[in-house]
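Notes follow the structure.
None of the figures in this text is laboratory data; all of them are computed from the coordinates on show. If you're wondering where the values come from, they're calculated on a predicted model, not measured in any experiment. Note: ideal-geometry Cβ built from the backbone for every residue, glycine included; neighbour counts use all protein chains shown.
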Amino acid sequence: MKAPLFLARASYRRRRLRDAARLLPLVGAFLIWLPMLWGKSDSTARDTGMDVIYLFVVWTVLVLAAAVLAPRLGGDEPERTVTEDEG
Amino acid sequence: MPFNILVLASLAYVIFLFLVAFVVERRAAAGAARWLRSPLVYTLSLSVYCTAWTFYGAVGYAARSGLEYLTIYLGPTLVFVGWWWLLRKLVRIGRQQRVTSIADLISSRYGKSNLLGVIVTVICVVAATPYIALQLQSVTLSFGVFAGPTADGWAMPDRDITSIWVAGGLAAFTILFGTRNLDAKEQHTGVVTAIAVEAVVKLVALLAVGIFVVWGLASGPADILSRIQSSEIAEWQMKPSRWTGLILLSAAAVICLPRMFQVLVVENSDERHLATASWAFPLYLMLMSLFVVPIAVMGLELMPEGSNPDLFVLTLPLSQGQGGLAMLAFLGGFSSATSMVIVAAIALSTMVSNHVVMPLWLSLRPARAVSGDVRRLVLLSRRLSIAAVLGLGYAYFRLSGGSEALAAIGLISFVGVAQILPAMLGGLFWRGATRAGAVLGLTIGFAIWAYALFLPSFGPDAVIPARVLAEGPFGMGWLRPQALFGVEGIDPLIHALFWSLAFNTAAFCALSLMSFPGPVERMQGAAFVNAFEDSAAPNWAQGGADPEALLVMAQRILGEEEALAFFEAQARAQGKAAYLPDPTPAFIEGLERRLAGSVGAATAHAMISQLAGRAAVSVEDLMAVANEAAQIMEYSARLEEQQEELTRAARQLREVNEKLTQISVQKDAFLSQISHELRTPMTSIRAFSEILMEGDMPADMATGYARIIHEEAIRLTRLLDDLLDLSVLESGTVQLNLGLANLREMIDRALASAGHTRPERRFDIQRDPASEEIFLRTDSDRLTQVFINLISNARKYCDAAAPELRIHVRRKGARVTIDFIDNGSGIPKDQQTLIFEKFARLTDQTRAGGAGLGLAICREVMANLGGTIGYLPGQGRAAFRITLPLRLERAAAE
C-alpha cells in the first residue's frame, strides 16, 4: 500500500502548509540570529532600542504565522511524510 | 504595608488555590468539567516554564546583561512554533505509550530499561534541586522586602522559618492534589487548573507593573526607548556564542525539564490542544518578556545604588508608594514559585517512585507483585518522594546560603537536563539508537556537566579545590574544569554546554552504532520512530498467563472497579461474556500499557513478565515472527503466479474450444454437403445406366449417355482421391520425391494447368521472371499442386471486373516466400482462420466444384515440405503467402 504519487488539490495544499509549518522555526531562527551581524561596525554601543523593537516584531510575526498555520494543518489524518525517510 | 496583611493575603491566595483545585477535582470526577480541559488551560499550564526566575530574575538578568534574557524565551518560541517537527511526535508517543515522566519515556524507548530510568531520574533530581531551592529563596527574599524597610513592629522574620513554612505548605498542597489517585494517565486536573490560574495571576501582575512603569513612571513607549538608549543596559554586548548557545539551551530545556514534560506531554488530554499552544504559548512568553527591559531601566534609574535588581519588580512599586501593586507583584512572584515547585515535585516524585522505589521493592519481595497492595504502596512512595524532593530543595537552600544571582543557577540546571536531549531525539527519530549508547551518552554528559559546571558553581574550595580549578587535577592543565582540552576564554556555561553535549552525543552515536539492541528495544524503537503509522507492533504469542492472576494484580494498581471495567471491555472485544478475557498478546500488551500509565513502563513490564513469563523473548522469537510473515508473503506470491498460469491456460482452452465448435458446425455442414456431392453423380450414373440397360436406342445417344456416366465417375474418383490424399498427408506417411526444381518452371506449369478452370475468364497475370529463377530442393509435383490450387481459387473466386493476379517471389536467407495476390475483395476477417480447415467453403453461392478440401490439402502439403501457407491480411485484397525452405532436408523423405 504505497501512498499515491500525486494528490488532489486540497491535500496538496495541506502538505504545503505542513512544509510551511516546518519551515517557520528555521525562518524564525534566522531572523533571531540576524542581530549578531549588526552593530559590529561601530564598536561604541549597540542601538539597543532598535534591537528591542526588531526582536519583538519578529516575535509577533512568528506568533501570528503560527496562529494562521496551526488550525489548517489537519492533525488527525494519518500521514507518512514525517516517517517515510526512516528505515 | 503591614507584614501581617501580606501573610494574610498570601494565605488567602493559597486557600483560594486549594478551593480551585478541590472544586475542579470534584467536577472532573463527576465528568462535568470538559471545558477545564480546553486548549486555553493547557497553554496556561505550560507557563510553569516561567518560574520565579522569570518573574524576578529576568529583570535582574536584563539589568546585568541587556537583551540576553530574551534567549531564554526565544528558544522555547522556536520549539513551539516548530511543533510539527518534534512536539507533535512527542505528545503522540506520550499518549500511545502512556508515558508518566521523561525518565519513563527514555526508559520505555530503550527496551523498558530501568537502568536508564534511574539515570534520567538522578539527572533530573540533581538538576532540579537547586532550582527548587531558588524558588524557596525568591519567596523568602520577597517576604524580606516587605519586612525590611517598614519596620512597623514586624521585624524581618527568620529566613529559615519562612522558607520551612513555604516548603512545608507546598509539600502539603502537592501531596494533597498530586497524589490523590493513581490516574490511568497520571493526570491531575485540579492541579493543572490551579496552575493555569496562577499563570494568569503572574502574567497580570507583571503586565500591571510594566504598564505602571511605562505610563506611570515614564511618559510612554517613546520615552522608555530613549531612556533605554541612555541607560547602562544599552552598553550590553551581544556575544554570538552566548546568544546562539543560550537559545539552543533554552530550546532543549523546554522539552527536557521534568516539569515541562509533565505539563506538555503527561497532562495533555487532547493532541489538538498542542496546535493552539503552538502560537499561544509563544505569545504568553512574549507578553512576559515585554516589560522586562523597561522595568530594569527604570529600576536602575530610580532605585538607590547597590539594590538587588532581581527584586525590582517588587521594590520599584513599593518605593513609589504603590502598596497594592506591590502586593499584586508579590502574589505574581509567589504564583511563579509555587506552580514550579508543585509541578516539579509531582514530576520528580513520579520518577523517583516509579524508577527507584518500586523496582527496589519489587526486587526485594518479588512475590508481593501479585499479592501485595501495590496501589497503596505506590501512593505512599510518591508522597514520600514529594516530601524528599522538597526536603532536598530546602537543604540545598540552607547549605548554599542563597546568595548567588538567581539567573546563574537556573542556567546551570538547564544544562543539566539538556543532557537528556540526545537520547530523546535519537530515540524519537533514529531506530538505530540503542540502550547502551543512551546509557553511555547520558552518563558522560552528566559527569562532564557536574565536573565542569555544577560543582565549580559552589565556588572554589567548596567541592572542587581551588588548585584543581586553576591547574587541573594532578597538575594536568588540559583537564581544568573550566578550560577542558585547552579551550579557554569562553564563558564557563557555554564551555560546559559545548563539551558535555559534544561528548554526550558522540558517545551516544558511537556506542549505538557498535552495539546490538535487544528484542524489546527494537520493538519499542520501531513503535517510537514510526509513531504516526498505525502499524501494530508485532506480537509474539506466549500465553501462559493466568487471567485471574492478572486481574488480581491489575486491581492492586488500577483499583477494583477500573480494573474490572478494563477486563470486561477486553473480554467483550474478544467476544466473551465473562469478566476474564483470554490472555492474548494484544490483551496483555494493552494491560501493560494501562499499568504503565500508573507505575511506569519498566515496572509494568517487569510485573507483567513475572506473571506472563514473557521475559525470555529472544531475537530468535522475533525472527520467527518475521519469517512467518515472509513465508506467507512468498506463498501468496506463488499462488498469484499459479493463478496467472491458470488464467492463461483457460484463455487458450477457450480459444481452442471456439475453434472446435466452429469446426464441428462446419463438419456437420460438410457431411450434408458431401452426401449431396456423392449423391448427385450417383443418381445420374444410376439413371443413365438404367436407360442404357433398356437398350433399343441409337448408338450416338448411347455413347452420349455412357460419356456422362464416365464423367460423373471421374468426379467421384477425384473427390475420393482428395479425401484419401488428405488423410495420407495428415498422417505424415506421405512419400515425397525430393529433387532440384526451377521455381519459374513450376509456376509456368501451374498456370497452364489452372487455365482449365473457368477458361472463359481472362486473367492478367503479373510476374517477375528474373526473381523466379531459383532452384529449390523440394517435391516439385506437390508444390505445383499447391500453386495450381491457389491459382484456380483465384480464378474461381476473384470477383473483380478485370481480374488480375500478381505472383511475387522473394528470397530471405535460406527461405523463399511466394505471394499470390489477386484484386478480389478478399476474405472477411472472421473467416480467415477457417479457410485452411477441411471442408471449409466460404460461400454457398459460388459452387465451383470441389468439396472445400483444396486449401486444407495445401496446408498439409506445405507442412510436409517444411514450409507454411497463410492468408496475408491487410492487403485489401485476397492474398496468400507461401514460405518454404530453399533446401528441404528431411530424414523421413530419404
- Message: Whole-Hz ³J(HN,Hα) for each residue in segment B:705-719, computed from phi via Karplus 6.51 cos²θ - 1.76 cosθ + 1.60 with θ = phi - 60°, x for glycine and proline: what do you get?
- Response: 4, 4, 5, 4, 4, 4, 4, 5, 4, 4, 4, 4, 4, 4, 4
- Message: Give me the percent relative contact order of segment B:734-893, please, defined on Cα pairs under 8 angstrom at least 6 residues apart.
- Response: 24
- Task: Place a +1 charge on the Cβ of each Lys and Arg in segment B:734-893 and a -1 charge on the Cβ of each Asp and Glu, then give the dipole magnitude about the Cα centre in debye, rounded to the nearest 20.
- Result: 180
- How much net charge surrounds B:ASP270 when only the other residues with a Cβ under 10 Å from the Cβ of B:ASP270 are counted, with Lys and Arg +1 and Asp and Glu -1? +2
- Query: How do B:LYS112, B:LYS829, B:LYS796 line up, fewest other C-beta atoms within 10 Å first?
  - Reply: B:LYS829, B:LYS796, B:LYS112
- Task: List the relative contact order of chain B as a percent without decimals, with contacts defined as Cα pairs under 8 Å and 6+ residues apart.
- Result: 14
- Message: Inside 10 Å of the C-beta atoms of B:83-89, what's the mean count of C-beta atoms belonging to other chains?
- Response: 5
- Going by how many other Cβ atoms sit within 10 Å of their own, how do B:VAL356, B:VAL204 line up, fewest first? B:VAL204, B:VAL356
- Query: So what's the gap between the Cα centers of segment B:344-366 and segment B:712-791, to the nearest angstrom?
  - Reply: 106
- Message: Here is the link list: B:LYS796/B:LYS829; B:LYS667/B:LYS829; B:LYS659/B:LYS812. Which ones come out longer than 28 Å on Cα distance?
- Response: B:LYS659/B:LYS812
- In terms of modelled amide H atoms, which long-range or inter-chain residues lie less than 5 Å from the amide H of B:ARG815? B:LEU886
- Using modelled amide H (1.01 Å from N, peptide plane; none on Pro or chain starts), what sits under 5 Å from the amide H of B:ILE765, excluding residues fewer than 5 places away? B:LEU805
- For segment B:744-750, Karplus couplings with θ = phi - 60° (6.51, -1.76, 1.60), whole Hz, Gly/Pro x: 4, 5, 5, 5, 4, 4, 5
- Unit charges at the beta carbon, dipole of the protein assembly as shown: most positive-side option, B:PHE532, B:ALA879, B:SER512: B:PHE532
- Query: To the nearest 20 debye, what charge dipole does chain B have about its Cα centre, counting +1 at the Cβ of each Lys and Arg and -1 at the Cβ of each Asp and Glu?
  - Reply: 760
- Item | Theoretical ellipticity at 222 nm over chain B - DSSP helices of four or more residues, -39500 (n - 2.57) apiece, nearest 500 | -21500 deg cm²/dmol
- Net charge near B:VAL81 (other residues with Cβ under 14 Å of its Cβ; Lys, Arg +1; Asp, Glu -1) is +3
- Message: Quick query: amide H of B:SER38 versus all other amide H atoms, modeled in the peptide plane; which residues come in under 5 Å with a sequence gap of 5 or more or a different chain?
- Response: none
- Please order B:GLU889, B:GLU804 by the number of other Cβ within 10 Å, starting at the fewest. B:GLU889, B:GLU804
- Short version: ³J(HN,Hα) in whole Hz for each residue of segment B:85-92, in order, from phi by Karplus 6.51 cos²θ - 1.76 cosθ + 1.60 (θ = phi - 60°), x for Gly and Pro, what are they? 6, 10, 4, 4, 5, 4, 5, 4
- With point charges of +1 on the Cβ of Lys and Arg and -1 on the Cβ of Asp and Glu, referenced to the Cα centre of segment B:621-728, which listed residue (B:VAL656, B:SER675, B:GLN642) lies farthest in the positive direction of the dipole? B:SER675
- Task: Just the number, please: percent antiparallel of the DSSP beta bridges in chain B, rounded to the nearest 5.
- Result: 85
- Taking a crude spin-label model, label points 7 Å out from Cα along the C-beta direction, the A:ALA20 to B:GLN652 distance in nm is 6.1
- Which listed residue (B:HIS756, B:MET553, B:ALA863) has the Cα farthest towards the positive end of the charge dipole for the protein assembly as shown, taking +1 on Lys and Arg C-beta and -1 on Asp and Glu C-beta about the Cα centre? B:MET553
- Task: Report the charge-dipole magnitude of the protein assembly as shown in Debye, nearest 20, computed about the Cα centre from +1 at each Lys and Arg Cβ and -1 at each Asp and Glu Cβ.
- Result: 640
